[in-house]
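A.B. asks: First the structure, which I've put down as structure tokens, then a few questions once you've had a look.
The values are calculated or read from the model by the stated rules, or taken from the named source; none is laboratory data. Model, not experiment: these values are computed from the prediction. Reconstructed Cβ throughout: ideal geometry from the backbone, glycine too, with neighbour counts over all protein chains shown.
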Amino acid sequence: MDRQYDVIVVGAGNGGLVAAANCAKHGLKTLLLEKHNIPGGCATSFVRGRFEFEPSLHELCSVGTPENPDTVYKIFDELGAKIDWRYENNMYRVIAKGENGYDVTVKGGIDGYCDSIEAACPGSRKSVKAFLDLVVNCKQAVEYITKKKGNPNKLVMALKYGNFMRCASHSVEEVQIALGMPEKARNIVNTYWGYLGVPTDELNCMHYLNMVTGYVKDGAAMPAKRSHELSEALIKVFQDNGGEVWYNSEVTEFLTDESGRINGVVANGDKLFAKEIISNVIPNNVYSRMDEKKVPENDLKLANAREFGISLETVYIGCDCTAEELGVKDYTVFVVNDPNPRVEHDTRGLYIVNSLNKVVPESSPEGTCTLFFTYLCYGSDIPKDLKPEEYKKWKNAHAEKYIKDYEELMGIDIRSHIEEISVATPVTFARYLGTPDGTIYGYKLSGWDHLMSRTAHVKADFTIPGLTFVGGHSSRGDGYSSSYIIGYQHSNQVINRLKGGN
Ligand SMILES: Cc1cc2nc3c(=O)[nH]c(=O)nc-3n(C[C@H](O)[C@H](O)[C@H](O)COP(=O)(O)OP(=O)(O)OC[C@H]3O[C@@H](n4cnc5c(N)ncnc54)[C@H](O)[C@@H]3O)c2cc1C
């Protein structure tokens, strides 16, 4: 069976869903192909016993409120996707172990944030505030560059966007040190490095600032009915606008015409053709599914040169008592074995514990609560000699280690209240998402490949005609908000190519 569409979107993760909904909304004949039987990729839910667990979302940034909507809110609004947003206005509690350890709860809002860090590290307020303030000039600079046709004027950049010029190519810590921020304050401010998977001596300052100020300003958002609610809302928009979705349909081949243009895919043995293909699938998995002679050498080199991002081990627990009865007081707790992000990264010394009931009380049956443990690691950390029959024991032992550690640290008893438990590892994410090494964050945004350099070279990124990439592996990097934003931006380019316009 041969079929022809305007657009085929491969993969119904966050980037793919927004792109598909946007194309359908603009009247394009769009087919969405997803290998699983439900949409969402990472943004989903799963059920064990009487609990429906959130598998991935800790916090979503750049949402904003109905009164003051930020980018993600606006995208959902423009598409007509309705979400019951809930907010957590405290940023986090961070417990650092060791000699120079601390236990600090960081509040949201500019004043709350600066005051919390000042209380933990007297004398730091001015530098912390100066750090947050940088984002204003940087956002204005990015807006100017984006709107300007041709190269930005050097004099304008130097005179109007001095802070941007001073920071854009530097790491978070280089900028903080230049602002005179004390080490302890830097470590507390940099707690969120794990959300981007790159320690702050390596992470681009603009990237981190953008994320942190988003959370400080608007708090963290999450949907009332797990991230599955987001995916359901987007697929509804897609289908209501005439979009066609095929589940259980893995794309096994990307087709090219004689000129090298991608013009179709194969799914379930069917050849399906389109004027434009949007891939929510990481480039490595696209290139391995097409005629290798048609992959431009530079694109292949780029995919091979990029490092895969971080993965995770996660433990989902349903307890037979409430969070209050358990003694859980916070939505997000970061536990680190050392205050310094570089040490945390290199020793894999960071885990996070969330209790969704603190933000969405009805997210588990009355009289119960859920806990979500997340431990940062790479797919390559899994022992090479681990045998399939040893895997369960290995992952359960890890889960137990973190639960025990947290019980001791907080003086609470979790294990005798566990009613349901499920443990995921990079193997789970590799299998479910199909990503190499189980990366949940696409390619690592560090070294030569940070956010600013990707943005500056976006046209040279991946160049096969007819093929557009969206998702966490794309130019904006990982995370819910990035994958929604890039899905929207890149699908707008596809829409413009097909329909004309600006
Ligand atoms: C445990 C965990 C916790 C996280 N926490 C957060 C957080 O708190 N905040 C945050 O912002 N981000 C978080 N993330 C990251 C975030 O979820 C991802 O960056 C984002 O969802 C990636 O979206 P994506 O568009 O790349 O699609 P993905 O979620 O990667 O989905 C890709 C889709 O493509 C499908 N697919 C793959 N290959 C094929 C094929 N050949 N044919 C058809 N379909 C295919 C897959 O089945 C999947 O549905 C977390 C991720 C995980 C796993």
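A.B. asks: Mind checking which helices (runs of 4 or more DSSP H) fall wholly inside the range 83-160 and carry at least 3 residues that are in contact (Cβ under 8 Å) with a residue 40 or more places away in the chain and either β-branched (Val, Ile, Thr) or crowded, with 16+ Cβ neighbours inside 10 Å (or both)?
C.D. replies: In the range 83-160, the matching helices (runs of 4 or more DSSP H) lie at 110-120, 125-147.
A.B. asks: Given 438, 434, which one is over 24 Å from residue 86 (Cβ atoms), touching a Gly at 6+ places or on another chain (Cβ under 6 Å), within 12 Å of the ligand (Cβ to nearest atom) and not assigned by TED's automatic domain parsing to the domain that holds residue 203? Before the answer, list the steps.
C.D. replies: Numbers: 434 fails: touching a Gly at 6+ places or on another chain (Cβ under 6 Å).
Result: 438 is the single residue among 438, 434 that is over 24 Å from residue 86 (Cβ atoms), touching a Gly at 6+ places or on another chain (Cβ under 6 Å), within 12 Å of the ligand (Cβ to nearest atom) and not assigned by TED's automatic domain parsing to the domain that holds residue 203.
A.B. asks: Identify all residues within the range 23-35 that are within 9 Å of the ligand (Cβ to nearest atom) and surrounded by fewer than 24 Cβ atoms within 10 Å (Cβ to Cβ); write none if there are none.
C.D. replies: 35
A.B. asks: Another one. Quick check on residue 172: is it free of Cβ contacts under 8 Å to residues at least 60 places away in the same chain, crowded, with 18+ Cβ neighbours inside 10 Å and farther than 30 Å from residue 82 by Cα? Even if it seems obvious, please write down each step before you answer.
C.D. replies: Details: free of Cβ contacts under 8 Å to residues at least 60 places away in the same chain: yes; crowded, with 18+ Cβ neighbours inside 10 Å: yes; farther than 30 Å from residue 82 by Cα: yes.
It is true that residue 172 is free of Cβ contacts under 8 Å to residues at least 60 places away in the same chain, crowded, with 18+ Cβ neighbours inside 10 Å and farther than 30 Å from residue 82 by Cα.
A.B. asks: Within the range 1-22, take every residue that is more than 9 Å from the ligand (Cβ to nearest atom) and of a type in the set (S, T, N, Q) and give me the one that is farthest from the chain's Cα centre (by Cα).
C.D. replies: Top of the filtered list is 4.
A.B. asks: Looking for something within 21 Å of the chain's Cα centre (by Cα) and part of a loop (DSSP other than H, G, I, E, B) - is there at least one such residue anywhere in the range 282-303?
C.D. replies: yes
A.B. asks: Still on this structure, please answer the following. Could you list, in sequence order, the residues of the range 249-267 that are in contact with an Asp or Glu (Cβ under 8 Å, 6 or more places away or on another chain) and surrounded by fewer than 18 Cβ atoms within 10 Å (Cβ to Cβ)? Break it down stepwise before answering.
C.D. replies: Keep residues of the range 249-267 that are in contact with an Asp or Glu (Cβ under 8 Å, 6 or more places away or on another chain), which gives 249, 256, 263, 265-267.
Selection gives 266 alone.
A.B. asks: Can you work out which of the residues in the range 36-62 that are assigned to a strand (DSSP E or B), more than 7 Å from the ligand (Cβ to nearest atom) and not aromatic (Phe, Trp, Tyr) is surrounded by the most Cβ atoms within 10 Å (Cβ to Cβ)?
C.D. replies: Within the range 36-62, the match that is surrounded by the most Cβ atoms within 10 Å (Cβ to Cβ) is 52.
A.B. asks: Among the residues of the range 1-32, write down those that are in a strand (DSSP E or B) and within 20 Å of residue 429 (Cβ to Cβ).
C.D. replies: Once the filter is applied, which keeps residues that are in a strand (DSSP E or B) and within 20 Å of residue 429 (Cβ to Cβ), the range 1-32 yields only 10.
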